[in-house]
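Scroll down for the structure; my scribbles are underneath it.
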Amino acid sequence: MAETLCDDRPLAFEDLVAWFAEGSKPASEFRVGAEHEKFVFRLGSHEPVAYEGPNGIKALLEGMMRFGWQGTYEAAPGGGETLIGLHRGMANISLEPGGQFELSGAPLATMHDICEETGQHLEEAKTVAGELGLGFLGLGFTPLWRRDEVPVMPKGRYKIMRNYMPKVGGQGLDMMFRTCTVQANLDFASEADMVDKFRVSLALQPIATALFANSPFTEGKPNGFLTARANVWTDTDADRTGLLDFVFEDGFGFERYARYALDVPMYFVKRDGRYIDVAGRSFRDFMAGRLAEVDGETPTIKDWADHTTTIFPEVRLKQYLEMRGADAGPWTRLCGLPALWAGVLYDPPSQAAAWDLCKGWTAEQRAALRGDVTRHGLKATIAGRTVQDVARDMLAIAHQGLKNRNRLSGGMVDETNYLGELEDIAETGVTAAERLLELYHGPWQGNVGEVFEAFAY
């Protein structure tokens, strides 16, 4: 940070701004982090999996430790500790609210490294899961389970969120318990570079949403969407979601985002390993020592970092940028998302070309597009063009960006091959969701359960 915080000095707004700025790094040090979630189900019955039990989520986490993963624990309400995740080096495995199994990968230099990391994780997870009679499914929304059928994971922050969500939106609990996503995290060199990357990625996020659309079923039937997951986010919590129009305003930078984050209601304060419910309270009041729940304490910079993880726009700023607009899918598309965004954002000419694609779009057009792609995918339109046409252009830009990066594998292959499946989707105009619907109305004869057999990892 700009200065060292002393234990006896209250946190100032300038410290919050400086925390974001600390993420800046030279382009030579840029890395990409890939994250993906997947549903855990019981082989045969396709049922969701509870935390406890000899073949539960806890047993899955414990089984992964044979591969060098170490446990991440949280203080349990009745005393003792609860295993809530794993870590190995800079990678983490965590549990989402309904038991979705998430890999948050290490920051890595190339798409080759990311795909190797993802593949290793899936092989390890499948080895343990197979012994427990469990499987994994990568879709954006659970195709069968009702919300009340999904087990609740024993993490303190999720209890707080579960109580708060129904107060601020109609589908927040669905977001927590019935969705899975794939995400890419990218670096920035400076405040100006952050602004440029934020604007490009936020404007084009619905294009990625359409390319990755993969959640057309709810409770065993077509739901009318190609990406039900993306639709859920339109009615989760307006205070902390969306396309952030202010990012496109003159003068946007770290300070403006910090002011936005400061006004997003809090969920919790973490003390001594426990989550204290302050849902709906103001971080401003916390800074002023006006939270009775923590005896008038003032926050640390770790509290600020924690708070930024409870903000869920389509692109999120922390000490890097997070691209959050895509449904989960097969291994090939898990590698495709970081390749797409690295190709667009890590090559300056490509980033400039991508901005040319979307810089004329208005806030109203961007908002309409965000909703339209949930139902229409690549057939949606913006500014007189189909999303399919924009997606083709975006992928051509990303392809050239990856060529320009020239990061070669041991076999002297560049990173462009990771875009192959996305390029096929854009060329045909047919999303993964539409192919699932074809199977449902054809060979599956209306049996959504077939997806667990055909598309499990």
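Taking each of Lys38/Lys126; Lys126/Lys302; Lys126/Lys270; Lys25/Lys302; Lys38/Lys159 in turn, the alpha-carbon distance tops 23 angstrom for Lys126/Lys302; Lys126/Lys270. Computed from backbone phi, the HN-Hα couplings of region 168-175 come to 10, x, x, 10, x, 6, 5, 4 Hz, rounded to whole numbers (Karplus: 6.51 cos²θ - 1.76 cosθ + 1.60, θ = phi - 60°; Gly and Pro given as x). Distances between placed amide hydrogens fall under 5 Å for Gly85 paired with Thr72, all partners being 5 or more residues away or on another chain.
Descending by average beta-carbon neighbour count within 10 Å, the peptides 70-79, 95-104 line up as 95-104, 70-79, the highest first.
Packing around the peptides 144-150, 344-350, taken as the average count of other Cβ atoms within 10 Å per residue, puts them in this order, highest first: 344-350, 144-150. Per-residue packing, averaged as other Cβ atoms within 10 Å, sorts the ranges 227-237, 156-166 into the order 227-237, 156-166, beginning with the highest. Geometric descriptor of region 380-445, per residue, is 99 Å³ (volume of the convex hull of the Cα atoms). Only the Cβ atoms of Lys and Arg (+1) and of Asp and Glu (-1) were treated as charged; on that basis the dipole of the chain about its Cα centre amounts to roughly 620 debye. Each of Trp444, Ala192, Trp19 was placed along the dipole of the chain (beta-carbon charges, centred on the mean Cα), and the one lying farthest toward the positive end is Trp444. For region 203-340, what does the alpha-carbon gyration tensor say about shape, rounded, prolate or oblate, given a ≥ b ≥ c as the root eigenvalues, a/c under 1.5 as rounded, and a/b over b/c as prolate? It comes out prolate by the Cα gyration axes.
Ordered from longest to shortest, the equivalent ellipsoid semi-axes for region 299-432 are 25, 22, 15 Å, each the square root of 5 times a Cα gyration tensor eigenvalue. Among the GluC sites (Glu not before Pro) in region 236-333, those located in a DSSP loop and surrounded by at most 14 other Cβ atoms within 10 Å of their own Cβ are Glu249, Glu297. Long hydrophobic helices in the chain: the complete DSSP H runs spanning 24 Å or more by Cα along their own axis with mean Kyte-Doolittle hydropathy of at least -0.5 are 191-211, 387-405. Principal axis extents of the Cα atoms in the chain, from largest to smallest and rounded to whole angstrom, are 65, 53, 45. Considering only Thr72, Gly251, Phe225, the residue lying farthest towards the positive end of the dipole of the chain is Phe225, judged by Cα position with unit charges set on Cβ.
Counted over region 13-454, the DSSP beta bridges are approximately 95% antiparallel.
Look at the Cα gyration tensor of region 106-216: its axes a ≥ b ≥ c give a/c of at least 1.5 with a/b at or below b/c, and that counts as oblate.
Values in this text are rule-based calculations from the coordinates and carry no lab data. Keep in mind that what you see is a predicted model, and the values were worked out from it rather than measured. Heads up, the Cβs are rebuilt from the backbone with ideal geometry, glycines too, and the neighbour counts pull from every protein chain shown.
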